[in-house]
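This report refers to the structure that appears directly beneath it.
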Amino acid sequence: MTPTPPASPSGSSGNLTVKQQRAAQRAVKLEEYHRQQKRSSRNRRIGLIVGITAAVAVIGLLVTSIVLTPKTASYSAGGDGAEIEGVETFENTSNHVETAVNYPQTPPAGGEHNPMWLNCGVYTEPVPNENAVHSLEHGAIWVTYDPSISDAELSTLKAALPSSYVILSPFEDLPSPIVLSGWNTQLQVDAADDPRVVEYLEEYWKSNDVPEPGASCTGALDAPGKA
Amino acid sequence: MPPERRSFGARRVVLMVVAAVAAVSIGLVGFSVGRLSTINNPTPSNTSAEAGFARDMQVHHLQGVELAMIIRDRTDDAPTRLLGYDIATTQAQQAGQLYGWLVEWDLRQAGPEPEMTWMTRPGRSDEAHGHTDGAHTPGERMPGLATDEQIAELSAADGVEAERIFLTLMIAHHQGAVDMAVAVEDRASNTSILSFAQAVIVSQKSEIDLMESMLADRQP
C-alpha cells in the first residue's frame, strides 16, 4: 500500500524526504489517538457524573417521598380484627319474630328479634331482650351491668361510653358484673376501668361487620326506664 | 484492537445491568411520585380534625334525622313534612358518607379521645393570630344538639305547636352544624372533608333562612 499524505499537500511537502513524511504521518496518527483517548475519557467522566447525579436524585426522591408522606394509621388497641383478650364470638340468625325468644347467650348477643329495635340510650330498668338484640343488628353495643354494682362504678362505666349507639341497662344474673355485647360478640369484665372496655368499643362499636351497619338506633321503641 | 471485539460477552452483561438499573430507577421514581402525589390530600390520622369531624358530625346529623322523623309524625302540615323528609334523607345520606370515609381511611368509628376534642384544638386562623385555644370548650356539649328533654317535648306536642318547637330546635341544630363545618375547614386538609364542610355550610345556612321564615309564619 502506498502511503498517501494525510493532509492536503502543502507547499513544502514536496521537499520532505520519505523519512520525514513518515514521521509527520506518525505524528498525526499519534495526535489523533491522543484526541480520541481524551474524548473517550471525557465521555466516561460525563457518564459517571450523570450516573451518580441520577442515582442521588432517585434516592433523594425516594427518601423525600417516604419522609414527607404520613404513615398509615396504627392502633394500640382495636384495629381490624384485633384480638382482645376474653372476647367471645358467636353465630346467630337475624330473623324478625313477634314472640319471645330463648337466647343461647346471656345477655343475648344476636339472634331472632322483634321488628322494633330498642332506642339507644341509658335505661334504669332491664330492657326487653328481643328489642335490644335488634339494636345490636344496627351496630349498637349493649352494655349490661349487675344491679349490685356501686354508683361510682356505674359512673365510671358511663364515662367510657360513646354518646350514641349504646344501650346501657341493668341485667339480673349476669355472668360477670359488667358485660358488653355487640352483634355476635361479647366481653365480660369485672370492673368498669378495665382497659378492654375501651378496646372492645373501639373494635366493635358501629362495626361494619353487623348485618345492618348504619341503620338507626332512634325512632323505634323507648322501653320503660329510659333516662 | 477495539475493545468490543475483545469482550463481546462482557458488553452484553453491561447492557443487561444498565437495563436493569434503568428499570429499577423508573420503578423507584414512579413509587416516589405516587407517594408524593398524596401530600396535599393525606389519609387522615386517628386524632385528625377530619376523623374527629367524621365521627362527631355523624352523631350530629343522626340527631337531625331523629328530629326530622319525629316532626313528620307530629304534624299534617305539608311544607313542614316535606322539610322533615328533606332533612332526614339528606342527613342520613351524609352521615353514611362520613361513616364510609372512616372505613376507607382504615379508622374505627370510635375515636381514641373524647367527642369534640378535635375542635378544642386551635385552627389555622387561631394559630395565625397567636391563639392557642380552639373553637370549642372541652367538656361542653356538641353545638346545637337538642337535649333529651327537648326531644321529649317535641315528641309530646302536635300540630303548629310541634312545628314551632321543631323549627326552633332545627335552626339551632343547623347553626351548630355550620359552626362545626367552619371549624373543620380551618383545621382539615382532606379534600373530601373540605368539600363536604363547604356543602354543609351553604345548604344549612340557606335552610336556616327558610326555617326562620317558616317560624315567623307560625307565631301565635
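Tabulated data
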{"item": "Tabulated pairs, the stretch B:21-46, first more than 7 Å from chain A (Cβ to nearest Cβ), second in a loop (DSSP other than H, G, I, E, B) and of a type in the set (G, A, S), C-beta under 9 angstrom, 6+ apart or interchain", "result": "B:N40/B:S189; B:N41/B:S189; B:P44/A:A73; B:P44/B:A188; B:P44/B:S189"}
{"item": "Candidate set from the stretch A:179-213 (those that are touching a Gly at 6+ places or on another chain (Cβ under 6 Å) and under 13 Å from A:H134 (Cα atoms)); member that is nearest to the other protein chains (Cβ to nearest Cβ)", "result": "A:P213"}
{"item": "Positions within the stretch A:172-196 being within 18 Å of A:S148 (Cβ to Cβ) and either charged (D, E, K, R) or at pLDDT below 95 (or both), in sequence order", "result": "A:E172, A:D173, A:D190, A:D193, A:D194"}
{"item": "Those residues of the stretch B:147-177 which are assigned to a helix (DSSP H, G or I), surrounded by fewer than 21 Cβ atoms within 10 Å (Cβ to Cβ), of a type in the set (A, V, I, L, M, F, W, C) and in contact (Cβ under 8 Å) with a residue 12 or more places away in the chain, in sequence order", "result": "B:I151, B:V160, B:I171, B:A172"}
{"item": "Count of the stretch A:139-160 residues which are closer than 30 Å to A:A215 by Cα and small (G, A, S)", "result": "5"}
{"item": "Matching option when the condition is hydrophobic (A, V, I, L, M, F, W, C), more than 23 Å from B:S192 (Cβ to Cβ) and in a helix (DSSP H, G or I), among B:V21, B:V59, B:V33, B:V65", "result": "B:V21"}
{"item": "Filtered residues of the stretch B:47-75 (kept if of a type in the set (A, V, I, L, M) and facing chain A (nearest Cβ under 8 Å))", "result": "B:V59, B:L62, B:V65, B:M69, B:I70"}
{"item": "All positions within the stretch A:115-151 that are closer than 17 Å to B:L62 by Cβ and among the polar types (S, T, N, Q)", "result": "A:N119, A:S135"}
{"item": "Residue check for A:S150: without any contact (Cβ under 8 Å) to a residue 12 or more places away in the chain, farther than 23 Å from B:R141 by Cα, out of contact with any strand residue (DSSP E or B) (no Cβ under 9 Å at 6 or more places or on another chain) and polar (S, T, N, Q)", "result": "yes"}
{"item": "Members of the stretch A:134-155 found to be more than 20 Å from A:D173 (Cα to Cα) and of a type in the set (S, T, N, Q), listed by number", "result": "A:S135, A:S155"}
{"item": "Whichever residue in the stretch B:36-70 is under 11 Å from the mean Cα position of the chain (by Cα) and either surrounded by fewer than 19 Cβ atoms within 10 Å (Cβ to Cβ) or aliphatic (A, V, I, L, M) (or both) and, among such residues, is nearest to B:G111 (Cα to Cα)", "result": "B:A51"}
{"item": "Residues of the stretch B:89-139 satisfying the condition of being among the small types (G, A, S), assigned to a loop (DSSP other than H, G, I, E, B), on the phi < 0 side of the Ramachandran plot and exposed (fewer than 15 other Cβ atoms within 10 Å of the Cβ)", "result": "none"}
{"item": "Extreme residue, nearest to the chain's Cα centre (by Cα), among residues of the stretch B:97-106 that are closer than 12 Å to A:K206 by Cα and at the interface with chain A (Cβ under 8 Å from one of its Cβ atoms)", "result": "B:Y99"}
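The values are calculated or read from the model by the stated rules, or taken from the named source; none is laboratory data. Everything numeric in this text was worked out from a predicted model, so none of it was measured. Reconstructed Cβ throughout: ideal geometry from the backbone, glycine too, with neighbour counts over all protein chains shown.
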